[in-house]
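Notes to accompany the following structure.
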Amino acid sequence: MTDPILNVVGLNKHFGGIRVTRELNISISRGAKEAIIGPNGAGKSTLFNLLTGYHRPESGTIVFEGNDITNWATHQIAHAGISRAFQISNIFTRLTVLENVRTAVHVRMGKAGNIFASAQRIGTTETEKILKRCHLVEKSSHIAGELAQGDKKKLELAIALAGKPRLLLLDEPTAGMSFEETRETMTLVDKLNDDLGLSVLFTEHDMAVVFNHAQRVSLLHRGEIIVEGTPEEVRRDEMAQRVYLGEHH
Amino acid sequence: MNLENSATQTTDTRRKPMGMLSVRVLALLFVVFLAAPAVLGEFWVEVATEILILGLFAMSFNLIYGYMGQISFGHAAFFGLGAYATAMLFREFTGGTEEISYLQFFVSLAAGIPLAAFGALLVGYFCIRLTGIYFAILTLAFGELLFFVVFSWYSFTGGDDGIQRLLPPPLFRDPVMYYYLCFVIVIAAMAVMWRIVHSPFGYLLRAMRDNQERTRFLGINTRIYMLINFVIAGSFAGLAGALWGPFTRSVAPTLLGWQESGIAVFMTLLGGSAFFAGPMVGSIIYTFLHAWVTGFTQYWPLTIGAIILIIVLFSPGGLLGAIDAWRRIRTRQGSSGVADNTLVKEEPDS
């Protein structure tokens, strides 16, 4: 755990009387590729919501690259270098695929407030690069809201990448994808991690994806990380078998 | 799973060459409006002037509605503020006479923009904290508040008497000349607006319309950008308002009222909010019908009510939306499913 890019200590969050996150600690090394697994309602999405400023924790701290971002607003955290792709695709439905990505590129370039320039002339190269990387070139002039589910998820990832993040949070990146698309997407995630050194934290229900692609795995159960280690360690852990993995094998 | 996916993927979701619609409509309108005074009598030239001014007002409203996805029921406040800024400067310059120099005239017109922008900044500061119905209601409340201030402040605004005798300098007293003045200004304003909606900022507005939450995750402080757009929209409304006073030779507090705001909403729905030219087309329909129908019946509200009803029920995309849909069907039949690739890249709903 040298040089953690993200360090979360003692995070707590309640919704009404329900504790969705309790004394949660997690540390992500720079350049790591980690998975968070756990049953439905374990608090995976809540954790992502806390990390991205969508929810505020009651206590605990979130430190990203040395900055305490615990109470930062969502847009500030995005600027700091954390991008997020959503579980249920969360795209700009009436824009084309290209416009979706290009707008995200403009925001990242700090050009979103540019009122008089032509949008078509800014960030085009970068946009095309991302579309290519995400296998969306052929769909670039399609309206996003009319895409097939798998393509929507690819676009979801493309938008997140446009932010040139240093930490990428992926909430079930392959949900709703075909076998082929899943393979394509996870190959891309591996490549981003290997080639660009992008730190990745992802949640996933598909254990094959988790054990083939994550370097480390954390098991979240009732708002707590109860097991943590390499995929092999977690797979063999008795507790992990009992609360989660058992039902998958 | 694979089969299912490939099946959905073959469904053609490529953008049809509909983006050209606004461009074609605008080109056609440009020619028609340029030549109109040659064939129209004085009455219809004045109707055409009204179309241009109210069309600009409606287009400014559509920056908030069609592009940003929020509905304002108080947009006339900025139209009215622009009109009053011009009228009150007029009053100062003429000092009871009916003479105003050309310089003073243009200074008065220009004054409409900053005052409306300032008003939009104040009102917008509060309204952009909310979205949806709450945004709509708050804009309505502020609009009515400003209406009431203007309505009651006799010593400053003239109260419900308004301000009369706003006679432009000699050249522009001729309806045709005033028409061309408006034509030039409205065209220039539309060119600036076109620029704005095709800028990165313009696309960010559309993104906020589609999914405001996601724009925050991109790193956008949505309130600031909403406020900027609110001020831009208010400024264009102010310019439209500035042209209104010298056109009708008077201003009245009702220019700020909710009924005036409603006109912008009607026009936008009639023409099609998804199109850049939509509100201007709506203004043509609305203003023409108003001039024509009130010539033989007093049941104007009934008439426009029925038309809005038909539009909302049968063509929620407005007139341009209907043409767009018709062209889509025709393209599909004519080319048996092969999209017109040469035009696919054109802008969509703009």
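The values are calculated or read from the model by the stated rules, or taken from the named source; none is laboratory data. Please read these numbers as outputs of a predicted model, since none were measured by experiment. Ideal geometry is used to build each Cβ from the backbone, glycine not excepted, and the neighbour counts take in all protein chains shown. Please note that ligands, DNA and RNA were not included when accessible areas were found on the heavy atoms of the full protein model with its side chains. Shrake-Rupley method; radii C 1.70, N 1.55, O 1.52, S 1.80 Å.
With contacts taken as Cα pairs under 8 Å and at least 6 residues apart, chain B reaches a relative contact order of 33 percent. Given a 1.4 Å probe and the protein chains as shown, B:Arg129 ends up with an accessible area of around 100 Å².
Here the Karplus relation 6.51 cos²θ - 1.76 cosθ + 1.60, evaluated at θ = phi - 60°, turns the backbone of region B:109-125 into coupling constants of 4, 5, 5, x, 5, x, 5, 4, 5, 5, x, 5, 5, 5, 5, x, 3 Hz, with x for every Gly and Pro. Packing-based ranking of A:110-117, A:92-99 yields A:92-99, A:110-117, ordered from highest to lowest mean Cβ neighbour count within 10 Å.
A 1.4 Å probe, protein heavy atoms only, puts the accessible area of A:His205 near 50 Å². Classified by the C-alpha gyration tensor, the protein assembly as shown has a prolate form. Its axis ratio a/c, with a ≥ b ≥ c, is 1.5 or above, and a/b is larger than b/c. Of the residues making up region A:100-117, those losing 30 Å² or more of accessible area when the isolated chain is joined by the remaining protein chains, with a 1.4 Å probe, are A:Thr103, A:Val107, A:Ala112, A:Ile115, A:Phe116. Rounded to the nearest 0.05, what FRET efficiency do B:Asp160 and B:Ala191 give with R0 = 45 Å and r taken as the Cβ-Cβ distance? Could you check? Here the calculated transfer efficiency is 0.75. The share of accessible area on the protein assembly as shown that comes from carbon and sulfur is 61 percent, using a 1.4 angstrom probe. Among the residues of region B:176-202, those with an accessible-area drop of 50 Å² or more from chain alone to full protein complex, heavy atoms and 1.4 Å probe, are B:Arg195, B:Pro200.
For A:Ile115, no residue has an amide H sitting under 5 Å from its own, ignoring neighbours fewer than 5 places away on the same chain, with H placed 1.01 Å from N.
In this view, the solvent-accessible surface of B:Thr331, computed with a 1.4 Å probe and all protein chains in place, comes to about 40 Å².
Checking the table A:Lys13/A:Lys191; A:Lys111/A:Lys139; A:Lys13/A:Lys111; A:Lys44/A:Lys111; A:Lys13/A:Lys129; A:Lys139/A:Lys164 against a 30 Å threshold on Cα-Cα, which pairs fail? Checking Cα-Cα distances, A:Lys13/A:Lys191; A:Lys13/A:Lys111; A:Lys44/A:Lys111; A:Lys13/A:Lys129 exceed 30 Å. Within region B:40-265, all pairs of alpha-carbon atoms sorted by distance into 10 Å bins from zero give the percentages 9, 34, 33, 17, 6, 1.
Compute the separation of the alpha-carbon centres of region B:258-273 and region B:81-140 and state it in Å as a whole number. Their Cα centres are 20 Å away from one another.
Working from Cα pairs under 8 Å separated by at least six residues, relative contact order for chain A is 26 percent. Only helical runs count toward this figure. For chain B, summing -39,500 (n - 2.57) over DSSP H runs of n ≥ 4 and dividing by all residues gives -24500 deg cm²/dmol at 222 nm. What's the angle, to the nearest 10 degrees (0 to 90), between helix A:97-109's Cα axis and the longest principal axis of chain A? With both axes taken from Cα atoms, the answer is about 80 degrees. Sorted largest first by accessible area at a 1.4 angstrom probe radius, with every protein chain in place, the residues B:Val176, A:Val234, B:Val25 fall in the order B:Val176, B:Val25, A:Val234. Residues in region B:40-265 average 36 Å² of solvent-accessible surface per residue, probe 1.4 Å, ligands and nucleic acids excluded.
For the segment A:138-147, counting C-beta atoms of other chains within 10 Å of every residue's C-beta and taking the mean gives 4.
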